[in-house]
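For reference, the structure I am asking about is given below.
The values are calculated or read from the model by the stated rules, or taken from the named source; none is laboratory data. Note that the structure is predicted; figures quoted are calculated from it, not measured. Virtual Cβ from ideal backbone geometry, glycine too; neighbours counted across all protein chains shown.
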Ligand SMILES: [Ca+2]
Ligand SMILES: [Ca+2]
Ligand SMILES: [Ca+2]
Ligand SMILES: [Ca+2]
């Protein structure tokens, strides 16, 4: 019988070594694992901190925008010339501690065909009166918007009108009842432009077009066909969707600079108007103007018509324009288009202007930048009848602005973007809409991206 021999000394030492090695290996991998996850944790904490900085900068930017809107040299006029340099509304890479913010703006004088890839982003507030108001524009006006069809324009009007009568090509209750799942036709005014998604026949391509990050300029993925989303036509120009051209917020200011109600240009305001004219000019000049205006019961329907009929000079009219309103209780002044800030594509939708005269208005603006504080100059470009027709849809002043604010934290990290709509129509400034647009991705263009990259690499060295 064989008695089992104890393991030799050397074999026992060998297995101990193997065990020690395994333990050491385990400890090393644990150390590596925790080291790596701590680094990850640190980096993500750093990003979270940067994002919080960006959010704080954006909140500050919104307050700054409210201040600018309520402190304009001429209320409702927001051209570069009118704004004092100490609080210019052009805001680019404004530092707030380690963070920065930008206003993502638009160029009103860009060509109808869109902006080329070389066109830079403009950093400023956006005038909501530079767009068509979904709640007041007619089917005819809506139909002329880029990417719009007559059927879709009719469906938009059917969505907001209170009746159930289907407009030509439009959609009411029975169309929406057939959807899966079905829903009701709103039959009430639009409360946001995003509500357009609900309208029958609408697609994301029509809404956003090539400009999927909604910054008004051509980004690399928006000019490469279908290499990356979205599909685009790679023609070197941005072809934006409907969202670029429509609003639900535009409205006229109801108050004068001193906070009192504006004077009606209708019969009910005639006495106040007479007082204003004699105060601003003289009693005799006032009488001349009132005489030219004629019968108070056939009052002008718009400020532009008032100007044309009054035979005032533009310089005279500018002095009283902010005191007057064409709004009546039956027809509140909602949705007028500011002829000084609307693009050519938008102006072409206005009755009396059209595609033939819109380019002339834009070229007048380019050559007369110091005239963009009034609606009166339109009568120097359009003939009288067309000016009177267009006047009902136009204004020279705005009360509602968008601050589309992008911000980054330290070292360009933690990108965030929030859009604020600021309404000053009742005096003061109220934020009436806030929308987080961070999910649309980087919207500050290639130039700012490169600047941020350089900043990071300088700091890494
Ligand atoms: Ca309806
Ligand atoms: Ca874009
Ligand atoms: Ca693309
Ligand atoms: Ca294009």
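Would you be able to tell me the number of residues in the range 368-396 that are under 25 Å from the mean Cα position of the chain (by Cα) and in a helix (DSSP H, G or I)?
Of the residues in the range 368-396, 6 are under 25 Å from the mean Cα position of the chain (by Cα) and in a helix (DSSP H, G or I).
Do we have any residue at all in the range 189-202 that's assigned to a loop (DSSP other than H, G, I, E, B), more than 16 Å from ligand 4 (Cβ to nearest atom) and without any contact (Cβ under 8 Å) to a residue 40 or more places away in the chain? Show your work before the answer.
From the range 189-202, those assigned to a loop (DSSP other than H, G, I, E, B) are 189-192, 199-202; that's our starting set.
Those still in the list that are more than 16 Å from ligand 4 (Cβ to nearest atom) too: 189-192, 199-202.
Then drop every residue that is not without any contact (Cβ under 8 Å) to a residue 40 or more places away in the chain, which leaves none.
Scanning the range 189-202, I find no residue that is assigned to a loop (DSSP other than H, G, I, E, B), more than 16 Å from ligand 4 (Cβ to nearest atom) and without any contact (Cβ under 8 Å) to a residue 40 or more places away in the chain, so the answer is no.
Being at pLDDT 85 or above and over 30 Å from residue 318 (Cα atoms) is the requirement here; does residue 37 meet it?
Numbers: at pLDDT 85 or above: no; over 30 Å from residue 318 (Cα atoms): yes.
Judged against the criteria, residue 37 is not a match.
Collect the residues in the range 388-405 that are surrounded by 24 or more Cβ atoms within 10 Å (Cβ to Cβ) and out of contact with any strand residue (DSSP E or B) (no Cβ under 9 Å at 6 or more places or on another chain), keeping them in residue-number order.
Within the range 388-405, 390, 391 meet the criteria.
A quick yes/no check of all residues on (1) buried (at least 21 other Cβ atoms within 10 Å of the Cβ); (2) in a helix (DSSP H, G or I); (3) within 14 Å of ligand 2 (Cβ to nearest atom):
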position	(1), (2), (3)
206	no, yes, no
211	yes, no, yes
214	no, no, yes
217	yes, no, yes
232	yes, no, yes
243	no, yes, yes
253	yes, no, no
257	no, no, no
279	no, yes, no
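Name the residue, out of 162, 149, that is more than 21 Å from residue 241 (Cβ to Cβ), in contact (Cβ under 8 Å) with a residue 12 or more places away in the chain and in the same structural domain as residue 224 (by TED's automatic domain parsing).
Only one candidate passes the filter, namely 162.
Does the range 259-275 contain at least one residue that is part of a helix (DSSP H, G or I) and within 16 Å of ligand 3 (Cβ to nearest atom)?
No - not one qualifying residue is present in the range 259-275.
Shifting gears a bit: Does residue 195 meet the test of being modelled with pLDDT of 95 or more and exposed (fewer than 15 other Cβ atoms within 10 Å of the Cβ)? Write out each step before concluding.
Details: modelled with pLDDT of 95 or more: yes; exposed (fewer than 15 other Cβ atoms within 10 Å of the Cβ): no.
Spelling it out, it is not the case that residue 195 is modelled with pLDDT of 95 or more and exposed (fewer than 15 other Cβ atoms within 10 Å of the Cβ).
When residue 228 is evaluated against the numbered criteria (1) surrounded by fewer than 22 Cβ atoms within 10 Å (Cβ to Cβ); (2) within 16 Å of ligand 4 (Cβ to nearest atom); (3) over 30 Å from residue 74 (Cα atoms); (4) modelled with pLDDT of 90 or more, which criterion, by number, is the only one it fails?
(4)
Yes or no: residue 221 within 9 Å of ligand 2 (Cβ to nearest atom) and over 21 Å from the mean Cα position of the chain (by Cα)?
Judged against the criteria, residue 221 is a match.
Could you check residue 459 against (1) in contact (Cβ under 8 Å) with a residue 60 or more places away in the chain; (2) surrounded by fewer than 23 Cβ atoms within 10 Å (Cβ to Cβ) and say which number it fails?
Tallying (1) in contact (Cβ under 8 Å) with a residue 60 or more places away in the chain; (2) surrounded by fewer than 23 Cβ atoms within 10 Å (Cβ to Cβ), residue 459 fails exactly one: (1).
Here is a list of conditions, (1) under 26 Å from residue 123 (Cα atoms); (2) in a loop (DSSP other than H, G, I, E, B); (3) modelled with pLDDT of 95 or more, and residue 352 meets all of them except one; can you say which number that is?
It fails just one condition, (1).
Which count do you get for residues in the range 313-343 that are free of Cβ contacts under 8 Å to residues at least 40 places away in the same chain, part of a loop (DSSP other than H, G, I, E, B) and in contact with a helix residue (DSSP H, G or I) (Cβ under 6 Å, 6 or more places away or on another chain)? Lay out the reasoning, then the answer.
Kept after step one, since they are free of Cβ contacts under 8 Å to residues at least 40 places away in the same chain, are these residues of the range 313-343: 313, 315-316, 319, 329-331.
If we keep only those that are part of a loop (DSSP other than H, G, I, E, B) as well, we get 313, 329-331.
Now drop any that are not in contact with a helix residue (DSSP H, G or I) (Cβ under 6 Å, 6 or more places away or on another chain), which leaves none.
Residues that pass the stated criteria total 0.
If you don't mind, there's one more thing I want to ask. Would you be able to tell me the number of residues in the range 412-428 that are closer than 29 Å to residue 77 by Cα, surrounded by 20 or more Cβ atoms within 10 Å (Cβ to Cβ) and at pLDDT below 95?
Counting residues in the range 412-428 that are closer than 29 Å to residue 77 by Cα, surrounded by 20 or more Cβ atoms within 10 Å (Cβ to Cβ) and at pLDDT below 95 gives 2.
Given 237, 214, which one is touching a residue at least 40 places away in the same chain (Cβ under 8 Å), in contact with a helix residue (DSSP H, G or I) (Cβ under 8 Å, 6 or more places away or on another chain) and under 26 Å from residue 450 (Cβ atoms)? Steps first, answer last, please.
Numbers: 237 fails: in contact with a helix residue (DSSP H, G or I) (Cβ under 8 Å, 6 or more places away or on another chain).
After applying the criteria, what remains is 214.
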